[in-house]
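The values are calculated or read from the model by the stated rules, or taken from the named source; none is laboratory data. Everything numeric in this text was worked out from a predicted model, so none of it was measured. Here the Cβ positions follow ideal geometry from the backbone for every residue, glycine too, while neighbour counts run over all protein chains shown. For the accessible areas, the whole protein counts, side chains as well, though only heavy atoms, and no ligand, DNA or RNA atoms are used. Shrake-Rupley method; radii C 1.70, N 1.55, O 1.52, S 1.80 Å.
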Amino acid sequence: DGAVISTKFAWPDHVRIVVLSPHSQLPTHVARAALPRTVTRGDAVYNLQRTALFASALAHGRYDLLWEAMRDRLHQPQRESLVPGLAEALALPRMHGLLGIALSGAGPSIVALVDDNDEEIGARLASCFRAHKIESTVRTLEVDNEGCRVI
């Protein structure tokens, strides 16, 4: 019926988002065209499980689970060839402060959830793109728990 059902919980203050934006373009229509028309049940279940795990990890403060919760089978593998440096970024090993890495939407930006070591993590992500001769901008962002408000 088109109804939207939602709930809200506070994002943890100490979990920040490092966003790496490569100085390259990936038109949305190209990124969408890389996706298959159908997905296997196994891949759909895999992603649904990780979505539930992501929400639960945040709600219960189990940030150690975010690494696995940010894994994907529905769009990241298909877009790796379109975003030089993405495969290397997703393959980075765990390091102090890094909670998880993912392609942001259709790309080409990458997001990493962190609770420490922001600068080193941003530099490591940038090096994945620099290896492909692509410069990037790295930003560390905090999440706004209030959202829009009328003043």
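When the residues of region 82-96 are filtered to those that are closer than 17 Å to TRP67 by Cβ and not in a helix (DSSP H, G or I), which remaining residue is most open to solvent (accessible area, probe 1.4 Å)? Looking at the filtered set, the residue picked out is ARG94. In this structure, is VAL150 over 20 Å from ALA69 (Cα atoms) and not in a helix (DSSP H, G or I)? Yes; evaluated as a whole, the condition is true for this residue. Filter region 97-119 for residues that are assigned to a loop (DSSP other than H, G, I, E, B), farther than 23 Å from ALA31 by Cα and in contact (Cβ under 8 Å) with a residue 60 or more places away in the chain and give the result. Scanning region 97-119 gives a single hit, ASP115.
Taking every residue in region 120-138 that is part of a helix (DSSP H, G or I) and at pLDDT below 95 and pairing it with any residue that is open to solvent by 10 Å² or more (accessible area, probe 1.4 Å) and not small (Gly, Ala, Ser), at least 6 positions away or on another chain, yields no pair with a Cβ-Cβ distance below 9 Å. Can you tell me which residue in region 14-28 is farthest from the chain's Cα centre (by Cα), limited to those that are closer than 18 Å to ALA131 by Cα and hydroxyl-bearing (Ser, Thr, Tyr)? By that ranking, first place goes to SER24.
Within region 17-54, the set of residues being assigned to a helix (DSSP H, G or I) and surrounded by 13 or more Cβ atoms within 10 Å (Cβ to Cβ) comprises VAL30, ALA31, ASP43, ALA44, TYR46, ASN47, GLN49, ARG50, LEU53, PHE54. Checking the structure you have, find out if any residue of region 3-12 is touching a residue at least 12 places away in the same chain (Cβ under 8 Å), surrounded by 10 or more Cβ atoms within 10 Å (Cβ to Cβ), in a helix (DSSP H, G or I) and under 19 Å from the mean Cα position of the chain (by Cα). No: zero hits.
What is the residue count in region 67-96 for residues that are among the small types (Gly, Ala, Ser) and free of Cβ contacts under 8 Å to residues at least 12 places away in the same chain?
Final tally of qualifying residues: 2.
For the condition out of contact with any helix residue (DSSP H, G or I) (no Cβ under 6 Å at 6 or more places or on another chain) and closer than 22 Å to LEU141 by Cα, what is the one hit in ALA55, ALA33, ALA44?
Answer to the check: ALA55.
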